[in-house]
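Read through the structure below, which is laid out as structure tokens, and then see the notes.
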Amino acid sequence: MSCHRGALIVLEGVDKAGKTTQCKKLVAALQHSGRPAEVMRFPDRTTSIGLLINSYLQKDRELEDHAIHLLFSANRWELVPSMKKKIEQGVTVVVDRYAFSGAAFTSAKQGFCLDWCKTPDVGLPKPDLVMFLKVSPAEAALRGQFGEERYETSVFQKTVQQRFEQLMKDPSVNWKVIDASKQIQDVHEDIIGHSLSAITTAQSQPIGELWK
Ligand code: TMP
């Protein structure tokens with residue numbers, strides 16, 4: 001077992017920015033270079049809370065907007081013990097979406113402010129690095145399967161992108177913007193570069209608390 005903790009690395013972006021592909025490539029590259037790494041994703045649709053979220057996203061069930069927001073947050077909190085355990089054991093955890101998606105998506109709805117949306121996630125393990133995969137919502141819409149789930153419309157995604165931009169102004173979070181309109185391999189190389197330096201920095205630091 002490694003004596004250094006692993007890093008918590010998050011990939012964020014609007015829908016269809018390529019986060020899932022890049023998370024898998026990052027974990028594979030880290031493992032290949034002998035660094036223990038695992039992927040997690042939010043929402044995690046396998047838990048009982050996750051199943052509820054899944055039925056909401058697939059439009060099989062209606063849930064009040066505040067209630068679904070809190071369920072997305074609860075889905076992160078329920079996985080904190082296993083996430084922390086992995087990090088403490090030296091595993092770098094690469095996360096496909098996190099609290100930033102939570103705040104950006106709900107605050108893109110009418111009547112929600114960013115501060116209220118952030119509150120339930122205050123104190124979650126703080127990522128050592130958050131990479132925002134940037135593509136225009138119009139380009140994301142051309143990448144296929146757009147429009148099947150709730151939230152997958154260009155108009156909504158445009159507002160989500162604006163909310164992410166507000167979140168990225170927060171200097172307490174280590175944000176890096178990645179140009180995700182490039183070729184998959186070029187995007188991957190940018191991501192690897194940032195990740196390796198975050199992993200090194202994280203080794204000598206305790207796990208922080210988000211937005212505290
Ligand atoms: P996925 O396509 O990455 O599985 O994400 C599912 C959708 O849920 C996506 O449209 C973003 C949205 N979402 C929220 O609204 N709040 C959250 O906290 C998270 C993690 C995702």
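Taken together, the values in this text are just the output of simple stated rules run on the coordinates, not laboratory data. All of these numbers come straight from a predicted model, not from anything done at the bench. Positions of Cβ are generated from backbone atoms using ideal geometry, with glycine treated the same way; all protein chains shown enter the neighbour counts.
Helix 65-77 and the longest principal axis of the Cα set of the chain meet at an angle near 10°. Among the listed pairs 24/86; 24/212; 24/134; 59/86; 86/176; 19/212, which are separated by more than 22 Å between their Cα atoms? Exceeds cut-off: 24/212; 59/86; 86/176; 19/212. Taking the chain as a Gaussian network of alpha-carbon nodes connected by springs under 10 Å, the highest mean-square fluctuation of the residues 181, 73, 107 belongs to 181. The longest part of the chain holding none of the exposed loop GluC sites (Glu not before Pro), meaning those outside H, G, I, E and B in DSSP with at most 12 other Cβ atoms within 10 Å, is 65-147. Between 195, 154, 82, the GNM of the chain built on Cα springs shorter than 10 angstrom shows 82 fluctuating the most. Residue by residue, the range 117-129 carries 3J(HN,Hα) couplings of 5, 6, 3, x, 9, 4, x, 4, x, 7, x, 6, 7 Hz when phi is fed to the Karplus relation 6.51 cos²θ - 1.76 cosθ + 1.60 (θ = phi - 60°); x denotes Gly or Pro.
Within the same chain, aspartates and glutamates fewer than 8 places from residue 118 are excluded, and of the rest, those with a Cα less than 16 Å from its Cα are 12, 65, 165, 170, 209. Rounded to the nearest 20 debye, the dipole size of the chain about its Cα centre is 300 debye, using +1 on the Cβ of Lys and Arg and -1 on the Cβ of Asp and Glu.
By the count of neighbouring beta-carbon atoms within 10 Å, fewest first, 70, 63 end up ordered 63, 70.
Distant-in-sequence amide contacts of residue 208, defined by a placed amide H-H separation under 5 Å and a gap of 5 or more residues or a different chain, comprise 126. Here 201, 46 are placed in order of increasing Cβ neighbour count within 10 Å, fewest first, which gives 46, 201. When 106, 200 are arranged by Cβ crowding within 10 Å, least crowded first, meaning fewest neighbours, the order is 200, 106. Tell me which of 138, 108, 80 sits at the most positive position along the dipole axis of the chain, charges placed on C-beta atoms (Lys, Arg +1; Asp, Glu -1). In the chain, that residue is 80.
Tell me whether the range 1-63 comes out rounded, prolate or oblate; compute the Cα gyration tensor, take square roots of the eigenvalues as a ≥ b ≥ c, and use a/c under 1.5 as the rounded threshold. Cα axes put the range 1-63 in the prolate bin. Amide H to amide H distances under 5 Å link residue 7 with 92, 93, where only residues 5 or more positions off or on other chains count and H is placed in the peptide plane. I want to verify a result. In a Gaussian network model of the chain, Cα cutoff 10 Å, which of these has the top mean-square fluctuation: 103, 28, 67? Looking only at 103, 28, 67, the biggest GNM fluctuation is shown by 67. Here the Karplus relation 6.51 cos²θ - 1.76 cosθ + 1.60, evaluated at θ = phi - 60°, turns the backbone of the range 37-48 into coupling constants of 8, 9, 9, 10, 9, 10, x, 8, 7, 8, 7, 5 Hz, with x for every Gly and Pro. Please give the Cα centre distance for the range 110-170 versus the range 1-32, rounded to the nearest Å. Value for the Cα centre distance between the two parts: 18 Å. Computed over the chain, the P(r) curve from all C-alpha pair distances, binned at 5 Å from the origin, holds 1, 7, 16, 20, 21, 17, 11, 5, 1, 0 percent per bin. What is the local net charge at residue 107, summed over the other residues whose Cβ is closer than 10 Å to its Cβ (Lys, Arg +1; Asp, Glu -1)? With Lys, Arg at +1 and Asp, Glu at -1, the neighbours total +2.
A cut-off of 5 Å between modelled amide H atoms, ignoring neighbours fewer than 5 places along the same chain, links residue 174 with 130.
Looking at the range 121-171, the trypsin sites (Lys or Arg not before Pro) that sit in a DSSP loop and have at most 13 other Cβ atoms within 10 Å of their own Cβ are 143, 150, 169.
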